[in-house]
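The values are calculated or read from the model by the stated rules, or taken from the named source; none is laboratory data. Just so it is clear, the model here is predicted, and its values are computed rather than measured. Please note: Cβ atoms are built from the backbone with ideal geometry, for glycine as well, and neighbour counts cover all protein chains shown.
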Amino acid sequence: MKYDFDRLVERRGTSSIKWKVEEGELPMWVADMDFQAAPEILDELRKMLEQGVFGYSFIPDEWYGAYMEWWGQRHGLKMQKEWLLFCSGVMPAISSVIRRLSAPGDRVLIQTPVYNAFFNCITANGRIVLENPLIYNESEHSYSMDFEDLERKLSEPGTTLMLLCNPHNPVGRIWDREPLSRIGTLAKKHHVTVISDEIHCDITSPGKGYVPFASVSDECREGSVTCITPTKAFNLAGLQTAAVCVPDAALRERIGLALDADSVAEPNYFASCAAIAAFRKGGAWLDEFRAYMTENKRIAADFIQKEIPGVHVVEGDATYLLWIDVGMLGGGTGEVAAFIRKKTGLYVTDGSIYGKSGIHFLRMNVACPRSVCLDGLSRLKEGVRQFMNERGNTNRL
Ligand SMILES: Cc1ncc(COP(=O)(O)O)c(C=O)c1O
């Protein structure tokens, strides 16, 4: 290993949302990492600091080139420069695209459980959330799409957009070509545009790639708007930078050459340089990170299987988030998560914020040094043990 992912970095006192916790608490909730960004990115940012002028900037050609090379080489999608629109972040972009491509009162379909901000960005824009719940296989602890329900909902009058999470947060699933292709066909048939949020696409197990929605078929390419960014995989989320890829010229025209002013703002030169450095120089770091993360996930799944009987980790090759089925505890995970935090200091996310079907799950972020991950796991075990003891659950640990 060239890079040191075991090193602890003190994040308290840096206005980190994740680390705004009491002394002794261990935050494993919001999706950012406790690792420093790749040294290749930090070197680039250091050069900028030394020059020290932070005036207004334009979007350099290298920004387009870096995205095009990365998706061409890593993900098999040949993008053209004019497909790419700059924006400040994925959620601001999705919000703007919703406003541009739908009308107030329209329905926007999402596949729940799903990233909680999807709900807000639909309702805050005066659109209606239409849920197409994923199917959970309780014996295999895996998810799939419900196409019958999907088609029914896409065909409802007023459904104009589908917000796809590819790969999927929080269930960690990489969607194969086949379901994506079916979505493309159904969306075209019912005149629905697909917004594919691909923010987690580079966080996959070694040897496992994701499938860009726009690469699947002509229908998928022409009927979609894709949000991409290096911020999640390279731990740059606080710098906020992203791109929207719109291959279809007519859709681009509807969206506008630039997105709404609120999402474009001024190009943040610092952030776009970080993005360029990530894609052009960060590949080796990312590959080591993926191996380290996959090992954290494997260790966690083994630990939970051996040490916390009845609790199951949903298998997934994407994201650094564990989606943990704690249904055997009974009750809602709001209560379980609060209990575990109070008793052990471990702060994980209550699955119900991702939709009703998340009510029996916890989401745990393992993008941290191994020692921290192990600490989190033993706190989880202890929290579950105490919860079961207090509730008189007969499956005592
Ligand atoms: C699926 C998904 N989309 C978007 C975001 C946030 O994107 P941004 O910070 O660029 O707005 C997250 C953050 O966790 C996410 O999981």
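Yes or no: PHE54 within 16 Å of the ligand (Cβ to nearest atom) and in the same structural domain as ASP197 (by TED's automatic domain parsing)? No; evaluated as a whole, the condition is false for this residue.
If you go through the range 94-127 and keep only what is touching a helix residue (DSSP H, G or I) at 6+ places or on another chain (Cβ under 7 Å), part of a helix (DSSP H, G or I), more than 11 Å from the ligand (Cβ to nearest atom) and among the hydrophobic types (A, V, I, L, M, F, W, C), you end up with VAL97, ILE98, LEU101, ILE122.
Close contacts from the range 101-126, counting a first residue that is closer than 16 Å to GLU156 by Cα and a second that is within 11 Å of the ligand (Cβ to nearest atom), with Cβ to Cβ under 6 Å and a gap of 6+ residues or different chains, come to VAL108/LEU163; ILE110/PHE118; ILE110/LEU163. Checked against the criterion of being under 28 Å from GLY65 (Cβ atoms) and without any contact (Cβ under 8 Å) to a residue 24 or more places away in the chain, the candidates ASP218, ASP202 yield just one match: ASP218. Checking TRP19 against (1) in a loop (DSSP other than H, G, I, E, B); (2) surrounded by 14 or more Cβ atoms within 10 Å (Cβ to Cβ); (3) in the same structural domain as ASN116 (by TED's automatic domain parsing), which test does it fail? So TRP19 meets the others, but not (3).
Could you check the range 179-208 and list, in sequence order, the residues that are of a type outside the set (A, V, I, L, M) and touching a Gly at 6+ places or on another chain (Cβ under 8 Å)?
GLY184, LYS188, THR193 - these are the residues of the range 179-208 that are of a type outside the set (A, V, I, L, M) and touching a Gly at 6+ places or on another chain (Cβ under 8 Å).
Checked against (1) surrounded by fewer than 19 Cβ atoms within 10 Å (Cβ to Cβ); (2) touching a Phe, Trp or Tyr at 6+ places or on another chain (Cβ under 8 Å); (3) closer than 30 Å to ASN132 by Cα, GLN386 meets all criteria but (3). Screening SER95 with (1) more than 22 Å from LEU346 (Cβ to Cβ); (2) more than 20 Å from the chain's Cα centre (by Cα) gives one miss only, at (2). Is it true that ILE353 is more than 16 Å from VAL311 (Cβ to Cβ) and among the hydrophobic types (A, V, I, L, M, F, W, C)? Criteria met by ILE353. Exactly one residue among GLY327, GLY351, GLY376 is touching a Phe, Trp or Tyr at 6+ places or on another chain (Cβ under 7 Å) and either at pLDDT below 95 or of a type outside the set (S, T, N, Q) (or both), and that residue is GLY351. Under the condition of being within 17 Å of ASP197 (Cβ to Cβ) and either assigned by TED's automatic domain parsing to the domain that holds LEU321 or at pLDDT below 95 (or both), the residues counted in the range 112-165 number 0. Checking each residue in the range 214-251 for being part of a helix (DSSP H, G or I), at pLDDT below 95 and touching a Gly at 6+ places or on another chain (Cβ under 7 Å) picks out no residue at all. Scanning the range 10-43 for residues that are over 22 Å from GLU288 (Cβ atoms) and among the β-branched types (Val, Ile, Thr) yields THR14, ILE17, VAL21, VAL30.
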